[in-house]
1. Name the residues whose placed amide hydrogens come within less than 5 Å of the amide hydrogen of residue 79, ignoring near sequence neighbours (fewer than 5 apart) on the same chain.
2. Taking every pair of distinct Cα atoms and averaging 1/r, then inverting, what Kirkwood hydrodynamic radius in Å comes out for region 199-250?
3. Cβ neighbours within 10 Å, averaged per peptide: list 90-99, 11-20 in order, most packed at the top.
4. Can you compute the helix-only [θ] at 222 nm over the chain? Use -39500 (n - 2.57) per DSSP H run of at least 4 residues, normalise by all residues, nearest 500 deg cm²/dmol.
5. Please tell me which of these pairs span more than 32 angstrom C-alpha to C-alpha: 70/245; 70/213; 184/257; 99/245?
6. Looking at region 1-101, which chymotrypsin sites (Phe, Trp or Tyr not before Pro) are DSSP coil and have at most 12 other C-beta atoms within 10 Å of their C-beta?
7. Report the Cα-based extents of the chain along its three principal axes, largest first, to the nearest Å.
8. Tell me, what % of the accessible area of the chain is carbon and sulfur with a 1.4 angstrom probe?
Amino acid sequence: MVDYHLHTPRCCHAEGTPEEYLAEAERKGLREIGFADHFPLGLLDYIPRAQVTMNSDELEGYIGQIEALKGYSAQVDIKTGIEVDYLPGTEDKLADLLKDYRFDYVIGSIHFMEDWDFTHPVYADSYRERDLNKLYQTYFKLVWDLCRSGLFDIIGHIDVIKKFGYRPVSDLEPYWTETARVLKETDTCLELNTAGRDAPVNEFYPHKRLLEKCFQRGVPVTMGSDAHGPVQVGRYFKEAAELLKTTGYKELAVFEKRVKRSVSF
Ligand SMILES: [Zn+2]
Ligand SMILES: [Zn+2]
């Protein structure tokens, strides 16, 4: 199995050294891991209220640190990834920036709507004041725009809008159908992100129904624990692998220098 979504303390809300994450991956028998820490939002001229990413001057050091770890383990392949916020309007700037760095893959994620960090526990109360039907509509429009930007290899925690358990009354089936279609059309890889099991919603991202639709469409999938500490590496992966198998998936997508291939699991 592969875990493509590991953080480092550079983002200011994770702990443990990359070596400790690697040791945990070895202990859990993972074949491949990838670090995907939060891309510095300062480089996109965005300063959120709470610091949730590394600083702009740390990006080179981050890449260097992960590159230095490659070949360190006989058992686990190590990849250099990054998790980038999709912020509408920053596409050209981001495309320019990404050209300068040697990533194996880029995860696109949505954590912000307007200036609201809706994934941050400190701001979760704000869900109570929102029209949840409208909120989900806005969120999924962003998901589709993210995919269509063509900037990202993988979409991270695709339905993270459910993180705190706020759900709309409207039927989500049309969203799942359209999302699977857009992922396929834009050749964006889905991430089965297990972190949601430790969030109030207590579910993986994505919803089982979306996973099924993606499989039916032939959308590739990879796995990520979204670990913000070494013990979280590969969390719930046995359960996640079972889910993928019962859904029909036999292969996981892996990336090297932004080229995708499939491996059995
Ligand atoms: Zn984080
Ligand atoms: Zn994220």
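The values are calculated or read from the model by the stated rules, or taken from the named source; none is laboratory data. Treat the numbers as computed from the prediction; the structure is a model and nothing was measured. As a convention, Cβ positions derive from the backbone with ideal geometry for all residues, glycine included, and neighbour counts pool all protein chains shown. Only protein heavy atoms, including side chains, enter the accessible area calculation; ligands, DNA and RNA are left aside. Shrake-Rupley method; radii C 1.70, N 1.55, O 1.52, S 1.80 Å.
1. 33, 34, 35
2. After inverting the pairwise mean of 1/r, the radius is 12.0 Å.
3. The packing order, highest mean first, is 11-20, 90-99.
4. -9500 deg cm²/dmol
5. In this structure, 70/213; 99/245 lie more than 32 Å apart at Cα.
6. Passing sites in region 1-101 are 72.
7. 49, 43, 32
8. Answer for the chain is 48 percent, counting heavy atoms of protein chains only.
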